[in-house]
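First comes the structure, then the notes that go with it.
Just so it is clear, none of the values below were taken in a lab; they were calculated from the coordinates. Just so we're clear, the structure is a prediction, and the values are computed from it rather than from any experiment. Counting neighbours? That spans all protein chains shown, and the Cβs are built from the backbone with ideal geometry, glycine included.
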Amino acid sequence: MTDLLLWVAGLPIGPSLRVFSRFVPWLQIVHILANGIILGGVVMIDMRVWGISRSQATIAMARRFQAWIWGALAMLIVSGFLLIFYTPRRALIDLAFQVKMWSMVVAIAATVALLFALRSNSKAQADASWLAGLLGTLTLALWVFVTLAGRGRWFALWMSRMLQ
């Protein structure tokens, strides 16, 4: 991790971002909004999978929101990398950040599995609906966890103040 930290800290993009420090709050806004778009898309797909929403077929609902999910994921990754370049030492050493990154990898895999299960869902409806419901629940829980893990520093600060 130290080698990665030194390499990232040595890249010229970090000092450039620190010169334009007014750009960083906008990056954070984009990052948080992208996370919200992903959560919104997953919730909409899950509501259809769980039978709460009946506005469209499950496949149509998944297709409708998957473009939003992947676009927001691209925004999330780009803004996240830029935020890491801004303060590499704080981001890469932080345990909450590492938990968030591993959770995000699992959440992306679960999202891909959910969308794949919904596409292959039309042939074996009974088994696939059970699997889609399970994957939908797992995907939503993972993305909520990614969101909360990203706020781990705030939670730790709040808890330390409460205990004083």
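If you plug the beta carbon distance of L11 and V144 into 1/(1 + (r/R0)^6) with R0 = 35 Å, you get a FRET efficiency near 0.65. For the pair D3 and M47, the difference between a 0.36 nm per residue extended length and the Cα-Cα distance amounts to 11.4 nm. Classify the range 2-46: rounded, prolate or oblate, from the alpha-carbon gyration tensor (a ≥ b ≥ c, eigenvalue square roots; a/c under 1.5 rounded; otherwise prolate if a/b is larger than b/c)? Verdict is oblate for the range 2-46. On the basis of the beta-carbon distance and an R0 of 30 Å, L134 and V105 show a calculated FRET efficiency of 0.95. Each peptide in 82-93, 134-145 was scored by the mean count of other Cβ atoms within 10 Å over its residues; highest first, the order is 134-145, 82-93.
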